[in-house]
Amino acid sequence: MALIEWSTVYSVGVKEFDAEHKRLIEITNTLYDAMMEGKGHEVLEEVLESLSEYTDLHFAHEEMVLKKKKFPGAFAHKLEHEAIIAKLDELKKEVLAGSSVATTQKCASFLRNWLTSHIQASDKEYGAFLVDTVKS
C-alpha cells in the first residue's frame with residue numbers, strides 16, 4: 001500500500017503537470033515503501049535529493065507556463081514553491097546532521113501533506129485557469 005495513491009482528485013486537468021505530480025508521488029512512495037520494510041532511514045537522504053532535483057524541474061516548468069499564460073496567481077504560486085524548497089532544504093540539513101526514525105517519519109508526513117494539499121488547493125487553481133484558457 002502506498003502513502004499516496006494517485007487518483008483523479010489530484011488531477012489538475014493539465015496532462016503534463018499531472019504526469020509530473022505522479023512522479024513526485026512515486027518518489028514520496030519510495031520513502032514510504034522503504035519505511036514499511038524498516039529501511040526508511042537508509043533511503044531518506046537519496047529520496048530527499050531525488051525529490052529536490054525533480055521538484056526544481058517541476059516548479060520551473062509550472063512557473064514558466066503560469067507566467068506565459070498570465071495566470072493571475074503566478075507570483076503567489078512561485079512564493080509557495082520557494083517556501084516548499086526552503087522546507088526541503090531544511091529537512092535535508094536535518095538528515096545530514098543525523099537521520100533517525102523520527103526524522104524519517106517527519107519527512108514522510110511533510111511530503112504527504114505538502115503534495116496532497118498543494119496539488120488540491122494551489123495547483124487546482126491554476127489547472128482550472130489553464131483549462132479555461134485553452135477553451136477560450
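The values are calculated or read from the model by the stated rules, or taken from the named source; none is laboratory data. Fair warning: this is a prediction, and the values are worked out from it, not measured in the lab. So basically every Cβ, Gly included, is an ideal-geometry build from the backbone, and we count neighbours across all protein chains shown. Accessible surface areas use protein heavy atoms only, side chains included; no ligands, DNA or RNA. Shrake-Rupley method; radii C 1.70, N 1.55, O 1.52, S 1.80 Å.
Counting each DSSP H run of 4 or more residues in the chain as -39500 (n - 2.57), what helix-only mean residue ellipticity at 222 nm follows after dividing by all residues, to the nearest 500 deg cm²/dmol? All intermediate terms of the calculation are to be shown ahead of the outcome.
On the way: 5 runs with 104 residues, N = 136.
Only helices count here, giving -26500 deg cm²/dmol.
Step through the table entries Lys15/Lys68; Lys15/Lys67; Lys15/Lys92; Lys67/Lys106; Lys15/Lys106, compare each Cα-Cα distance with 23 Å, and write down the pairs that go over it. Could you put the intermediate results ahead of the total?
On the way: Lys15/Lys68 17 Å; Lys15/Lys67 18 Å; Lys15/Lys92 30 Å; Lys67/Lys106 33 Å; Lys15/Lys106 31 Å.
From the list (Lys15/Lys68; Lys15/Lys67; Lys15/Lys92; Lys67/Lys106; Lys15/Lys106), the Cα-Cα distance tops 23 Å for Lys15/Lys92; Lys67/Lys106; Lys15/Lys106.
Quick one: 3J(HN,Hα) in Hz for segment 30-38, Karplus 6.51/-1.76/1.60 with θ = phi - 60°, rounded, Gly and Pro as x.
4, 5, 4, 4, 5, 4, 5, 9, x
Using the heavy atoms of the protein chains and a 1.4 angstrom probe, tell me the accessible area per residue for segment 1-126 in square angstrom.
55 Å²
Treat each spin label as a single point 7 Å out from the Cα along the C-beta direction, and report the Lys68 to Asp33 distance in nm.
Placing both labels 7 Å beyond Cα along the Cβ direction yields 3.2 nm.
Please compute the length gained on full extension between Ala76 and Glu90, using 0.36 nm multiplied by the number of residues separating them and subtracting their Cα-Cα distance.
Details: separation 14, 0.36 × 14 = 5.04 nm, distance 2.12 nm.
Length gained, Ala76 through Glu90: 2.9 nm.
From the backbone phi of segment 67-77, what are the Karplus-calculated ³J(HN,Hα) couplings (6.51 cos²θ - 1.76 cosθ + 1.60, θ = phi - 60°) in whole Hz, Gly and Pro given as x?
Running phi through 6.51 cos²θ - 1.76 cosθ + 1.60 with θ = phi - 60° gives 5, 4, 8, 6, 5, x, x, 4, 5, 4, 5 Hz.
Cα-based Rg of the chain per 2.2 N^0.38 Å, rounded to two decimals? Display every interim value, and only then the final one.
Numbers: Rg = 15.5 Å, N = 136, 2.2 N^0.38 = 14.2 Å.
Rg over 2.2 N^0.38 Å, computed on Cα atoms: 1.09.
Pop out the carbon and sulfur fraction of the accessible area of the chain as a percent, whole number, probe 1.4 Å. Show your work: numbers first, answer last.
Numbers: 4260 of 7600 Å².
The nonpolar share, carbon plus sulfur, comes to 56 percent.
Around Val12, which amide H atoms from residues at least 5 apart in sequence, or from another chain, sit under 5 Å from its own amide H, with H modelled in the peptide plane?
Close amide H contacts, sequence-distant or interchain: Asp18.
Rounded, prolate or oblate: which fits segment 1-54 when a ≥ b ≥ c are the square roots of the eigenvalues of the alpha-carbon gyration tensor, with rounded for a/c under 1.5 and prolate only if a/b beats b/c? Let's see the in-between values first.
Numbers: a/c = 4.93, a/b = 1.71, b/c = 2.87.
Oblate, since a/c reaches 1.5 and b/c is not below a/b.
So what J values fall out for segment 78-91 if you push phi through Karplus, 6.51 cos²θ - 1.76 cosθ + 1.60 with θ = phi - 60°, rounded to Hz, Gly and Pro as x?
Ordered by residue, 3J(HN,Hα) equals 4, 5, 4, 4, 4, 5, 5, 4, 4, 5, 4, 4, 4, 5 Hz.
Return the aspartates and glutamates within reach of Lys124: Cα separation strictly under 19 angstrom, same-chain partners fewer than 8 residues apart disregarded; answer none if there are no such residues.
Filter leaves Glu5, Glu16, Asp18, Glu20, Glu62, Glu63, Glu80, Glu82, Asp132.
Full-extension gain between Ala60 and Glu125, please, as 0.36 nm times their residue separation minus the C-alpha to C-alpha distance.
Extending this stretch completely gives an extra 21.7 nm.
Report, ordered by chain and residue number, the aspartates and glutamates lying within cross-link reach of Lys93, taken as a straight Cα distance under 16 Å and ignoring same-chain residues fewer than 8 apart.
Here the aspartates and glutamates satisfying the reach criterion relative to Lys93 are Glu42, Glu45, Glu46, Glu49, Glu53.
How large, in Å, is segment 65-123 by the Kirkwood hydrodynamic radius built from its alpha-carbon pairs? Show your work: numbers first, answer last.
Values: mean 1/r = 0.0774 Å⁻¹.
Hydrodynamic radius (Kirkwood, Cα only) of segment 65-123 equals 12.9 Å.
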